[in-house]
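Below you'll find the structure, written out as C-alpha cells, and then a few comments.
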Amino acid sequence: MGNTDKMDNSDKAKAVKLLLGNEAVAQGAWEAGVHVVSSYPGTPSTEITETLAKLPGVYCEWSPNEKVSAEVAIGAAIDGARAMCCMKHVGLNVAADPLFTAAYAGVNGGLVFAVADDPGLFSSQNDQDSRFYALSAHVPMLEPSDSAECFEFAQKAFELSEKYDTPVILRLTTRVSHSRSPVQTGARRVVPKKPYVKDISKYVMMPGMAKKRQAVVKERDRVLTEVADSWVRLVNPGRKLGIITSGICYQYVREAFPDASVLKLGMIYPLPERAIKEFAASVEELLVVEELEPYIENFVRQLGIAYVEGKKYFTPLGELGTEKIKNAYYGVSTPAAEAGENGGEKLSVDDAPHRPPTLCPGCPHRGVFYTLSQLKLRVTGDIGCYTLGAAAPYKAMDACICMGASIGMSHGMEKAEAVAKAEAGDTDPAAADNIRGTVAVIGDSTFMHSGITGLVNIVYNKGASTVIILDNSITGMTGHQQNPTTGKTIRMEDTHPVDLVLLARAVGVERVRIVDPFDLKAFKEAVLEEISADEPSVIIAQRPCALLKGVNYGKPVYIDTDVCRRCGACMRLGCPAIVKKGDGYGIDRSLCVGCEFCTQMCRFGAIRKES
Amino acid sequence: MNADNLNILIIGVGGQGTLLASRFLGDVALRMGKDVKVSEVHGMSQRGGSVETCVRIGSSIASPIIDRGMADVVLSFESVEALRALGYLKPGGLVITNTQEILPMPVISGAEKYPERVPERLAGGNFNVVSLDALAAAERCGSAKCVNVVLLGVLSAAIPEIPAEVWRASLESVVPAKLLEINKKAFEAGRQMANGKGQMAN
C-alpha cells in the first residue's frame, strides 16, 4: 500500500510544463534535492533563484554579491549538502576567487555554479565568454540547449559533482535562460545531506595542501575528458559536412544545416577528444558553430585537425541565429516583407525611430540625474536602472565599468586631479578640463554588492569624494529583488535592514544625509554643499521605485493649456509621460503615475493634479 | 495558417504585457499537443524599450528565435513597432497591429521623428495588415492593461485551426482569477473586431 501511495504521488507530480530555461534549471536542481541556494540577481540568471525560492524544502537567499553567494554554497557543499549559486557572466568575475580554489578543494555534497552569459549584451556591460573560466579553473562545464536539457543537466551536474569531487558549472546563455520549451517535470527526491567529515588536507588550501590537490585536479581533468565522450549526441552521421556545436547554437544549426552531420557537445569542459577526433575523421568538411570566442574551434585545431573552420564564417560578436549562420556560410539572405507605397512615401524599417529603454515615469532617479545634468558635474556611474542617467536628455554620467566601480573611480579621479594640481603650480588643471566637481552615483543594492569597500578606501586614504547612494528600496533593474537594505528576505520574511547612514558613519564618513531626490531645491543644495566639503560625504537619495507595490501617487497630472506658455521646461525632465502635442505639451494619461515631480518645473503652475 | 509550423512574433513597448501574451500562446500550443518554444526578453529593455518575443509552434521546433523573413504573423502592440518588425515577416504574412502610438524618448526629445499614419502606409506591401484600436477596446472592457488580450482575441480569429475553446481554456489558466472577467471580455472583443474586419485581408 505504502509503495502504491508513493507512486501515485510521483505520478501526480509529473507534468509537462512550458518552462523558461532558468525555471527548468531550478526545477532540475530542486528535484535533485538541492538543499542550499545562494545567489545575487543578474540578468539573464535571476529567475533560477526566484523559482527555487517558491519551492518547498530548499533554503534560498539573495546574498550581497556573487563572491559571498559562492562561498555560502561552497560551505554548504563541504558540510555535505547539495548547494548551488547562480549568477550572470560578470558575476562569475566576482565569484572567480572562491571558484578557482574550490576547484582544488572539491566538494562533499554536490556543488553547482549556474552561470548565464549574455551574448549580444541584452542587459550587460560586456560580452564575455565564461567557458574560459572552466578551462582555467579546471572545473567541468555543462551546456544545455533547451529547457528540457536545463532540467536534465542541472540534475546530472549534482551527480557529476559528487562522483568526481568537483564543483560543476552549468553554462547558460540568454536565449536558453529566457526561452520556454516543454519540460517533463517530476517530484523532488529526498537526498540526505552527507555526513560532514573534517579533512584539513582537502579543505584548508595552504601551499602544502594545495600542491597535492593540484595533482588531484590534473588527474580529474584526464578522467573527465573521457567522461565528456559520453556527453555527445551524433545527428545524421555519415554526411560530407560535419558541424560541432553546443548549447543554443545546436538549435540554430538544426535549422541552418538540416542535412549536415552534427556532433552536439553537452560537456564543454573538458572537451571530448576522442569523440571530436572520430567525428572529424568521418566528414569531409568540418565547421564549429559557437557564439563569442573560438573556444571549441581552438581546441579542435590543437588536436591537429587543421581543416576545421568556424570564426572564418561566424562572427565572434554578439549572438548567432539561424539566419546569421545561413547568411554567413551560404551568403544568401532570406526574403522578408516590405511595406507598400500606400498613401505616400514607402516606409522602411529604418523609418522606425529608436526606442531605447528609459527611466520610468515616477522614477526617483530622474530627480538625481536632472540635478546632476543641471549642475554639469562629472559623474562616475554604476550598474542598475540608473545607468540610464547616461542617456539623453540627462547625459549625466561620465564612466560606468562594473558593479561598485563608481566609488573607486571617483576617488581615482580626485587623486589624479590632486597630483596634477600639485605639479601644475598656479594653474588649475580641473578648471582647464572644465570639471566642476565629481560625484559617484550608486544604487542601494550595488552599494551593498561592492560599494562599501570603495567607501572605506576613500576614508582610509583621505579622499573627499561625494557618493550619492540611490536608495529606491529595491534592486530595480533585475526585476525587484530584495537586498540587505530592504528589510525583507527573498521569501519576504522580515529581517534586519542595513542602515546606510550608520554604515557610512561607521566606516568614518561624518557628512551623511538623507535627501528626497524629488525635492529639487533641497537635493541641488545638498549636492552643492557636499561637493564643496573638504572631506568624504554620502548623500542618500531616498525615494522608492515607482514600480513597487504600495507606491501609489494617485491620479495623473495634466497640463492646463490655457496657462501653459509652451516654454518646454517640463520636457527637460525626460519623462516618457510628458509629450509634445501640436505646438504645446501634454501628459500621456496612460503613462503618468501622478508623482507630480514635474510640477516643480513649471514656473506658471500649468501642471496640475487631476481631481 | 498552418498550426504545424506557425511563427508569431510579438512586439511592443516594455510594460505593455507582451510577456503574458507569449505565455498565453505557449499555453495554447501545449493544449494543442504541439511542440512550442517561446523566447522572451527580460531586463534592461523592459524599461520602456522595444520588446520582442517569439512564439514558435509546430511538430518539432529547434530555434526559439524568429529570424528574418520567418514570421507568419507579427502581432504588434504599438503602431511603429509593427514597422520595426517587418524584417521578421514572411512575404505574404500577416501584421496585426494596434494603432496606439507611444512616443519613444528620441521622438519626445525631438531628436527623431515618428512617422505618420504607419498602419495605413504599411498596407499595400507584400503582406496583409489588420489594424485596430486595441487600447480603446481594452478601455471599453474595463482596463487599458487588457490591450494584450484584445490583440490575442484578434489573433485567435486569424488561426481557425485552433478552436476558440482552447484559447478560452488557456486564458483562464494564464490570467489571475481576479482579472479573469475583464480579460474574458477583452478576448471576445478582440475576436469580434477581427470578424468585423472580414477575412483578415487588407
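Side notes on the structure shown:
- The stretch A:231-242 - phi-based ³J(HN,Hα) in whole Hz, Karplus 6.51/-1.76/1.60, Gly and Pro as x: 9, 10, 10, 9, 10, 6, x, x, 8, 6, 8, x
- Across the stretch A:580-595, computed HN-Hα scalar couplings (Karplus, 6.51 cos²θ - 1.76 cosθ + 1.60, θ = phi - 60°) run 6, 10, x, 9, x, 10, x, 10, 7, 4, 6, 9, 5, 9, x, 6 Hz from first to last residue, x flagging Gly and Pro.
- With Cα atoms defining each centre, the stretch B:130-165 and the stretch A:230-289 are spaced 44 Å apart in the structure.
- Loop chymotrypsin sites (Phe, Trp or Tyr not before Pro), the stretch A:149-245, which have at most 16 other Cβ atoms in a 10 Å radius of their Cβ (DSSP): A:Tyr196
- Sorted fewest first by neighbouring Cβ atoms within 10 angstrom, A:Ser348, A:Ser161 come out as A:Ser348, A:Ser161.
- Average other protein chain Cβ within 10 Å of Cβ, residues B:65-75: 5
- Inter-label distance, A:Ser348 to A:Asn461: 5.1 nm, where each label sits 7 Å from its Cα along the C-beta direction.
- Taking the C-alpha atoms only, the angle from helix A:2-13 to the longest principal axis of chain A is near 50 degrees.
- Projecting label points 7 angstrom from Cα along Cα→Cβ for A:Val223 and A:Asp199 puts them 1.1 nm apart.
- Start at zero, step by 20 Å, and the Cα-Cα distances of the protein assembly as shown spread as 15, 44, 35, 6, 0 percent across the bins.
- Pairwise FRET efficiency - A:Arg491 versus B:Arg31, Cβ, R0 = 22 Å, nearest 0.05: 0.10
- Cβ-defined net charge surrounding A:Val501, 13 Å radius [Lys, Arg +1; Asp, Glu -1]: -1
- When each of A:Lys264/A:Lys312; A:Lys376/B:Lys145; A:Lys324/A:Lys580; A:Lys88/A:Lys376 is checked by Cα-Cα distance, pairs over 31 Å: A:Lys376/B:Lys145; A:Lys324/A:Lys580; A:Lys88/A:Lys376
- Distances between placed amide hydrogens fall under 5 Å for A:Val512 paired with A:Val538, all partners being 5 or more residues away or on another chain.
- Principal semi-axes in Å for the stretch A:194-274 [√(5λ), Cα gyration tensor, largest first]: 40, 13, 10
- Using the average count of surrounding beta-carbon atoms within 10 Å as a protection proxy, the listed peptides A:65-75, A:416-426, A:138-148, A:183-193 rank, highest first, as A:138-148, A:65-75, A:183-193, A:416-426.
- The translational diffusion coefficient of the stretch B:1-66, from Stokes-Einstein at 37 °C and 0.692 mPa s with a Kirkwood hydrodynamic radius over alpha carbon pairs, comes to 274 µm²/s.
- For the stretch A:28-170, the relative contact order comes to 26 percent (Cα pairs under 8 Å, sequence separation of at least 6).
- Gained length - A:Arg505 relative to A:Glu284, 0.36 nm times residue gap less alpha-carbon distance: 72.7 nm
- Inter-chain shielding of A:469-478 (mean C-beta neighbours from other protein chains, 10 Å cut-off): 1
- Taking a straight line from the alpha carbon of A:Lys17, these lysines sit under 19 Å away, with near neighbours fewer than eight places off in the same chain left out: A:Lys54, B:Lys34, B:Lys37.
- Karplus-derived 3J(HN,Hα) values for the stretch B:189-195, using 6.51 cos²θ - 1.76 cosθ + 1.60 with θ = phi - 60°, are 4, x, 4, 5, 4, 4, 5 Hz; glycine and proline are entered as x.
- Cross-link partners of A:Lys277 among aspartates and glutamates (Cα-Cα below 16 Å; sequence separation of 8 or more within a chain): A:Glu226, A:Asp229, A:Glu285, A:Glu297, A:Glu309
- Net length gained if the chain between B:Ser143 and B:Ser59 were fully extended (0.36 nm per residue, minus Cα distance): 26.6 nm
- Simple label model, 7 Å out from Cα along Cβ direction - A:Val216 to A:Arg566, nm: 7.8
- Other residues within the sphere of radius under 13 Å centred on the Cβ of B:Gly26, judged by their own Cβ, net out at +3 (K and R +1, D and E -1).
- Against chain A, whose longest principal axis is taken from its Cα atoms, helix A:21-31 shows a tilt of about 60°.
- Debye log10 I(q)/I(0) at q = 0.15 Å⁻¹ for chain B, Cα point scatterers: -0.88
- Lysines whose Cα lies under 18 Å from that of A:Lys609, excluding same-chain neighbours fewer than 8 positions away: A:Lys555
- Once the Cβ-Cβ distance of A:Leu317 and A:Ala96 is raised to the sixth power relative to R0 = 30 Å, the FRET efficiency obtained is 0.80.
- Shielding score for A:574-580, defined as the mean number of other chain Cβ atoms within 10 Å: 4
- Amide H partners (placed H, <5 Å) of A:Arg180, local residues excluded: B:Val38, B:Ser39, B:Glu40
- For B:Gly15, net neighbour charge (Lys/Arg +1, Asp/Glu -1) across residues whose Cβ lies under 10 Å away: +2
- Candidates per trypsin sites (Lys or Arg not before Pro) in the stretch A:504-560, loop by DSSP, up to 10 other Cβ within 10 Å: A:Lys549
- The stretch B:1-54 and the stretch A:545-596: distance between their alpha carbon centers, rounded to Å: 31
Since every read-out is calculated from the coordinates, none of them should be taken as a lab result. A quick note: this is a predicted structure, and the numbers were derived from the prediction, not measured. Using ideal geometry, Cβ is built from the backbone for each residue, glycine included, and neighbour counts are taken over all protein chains shown.
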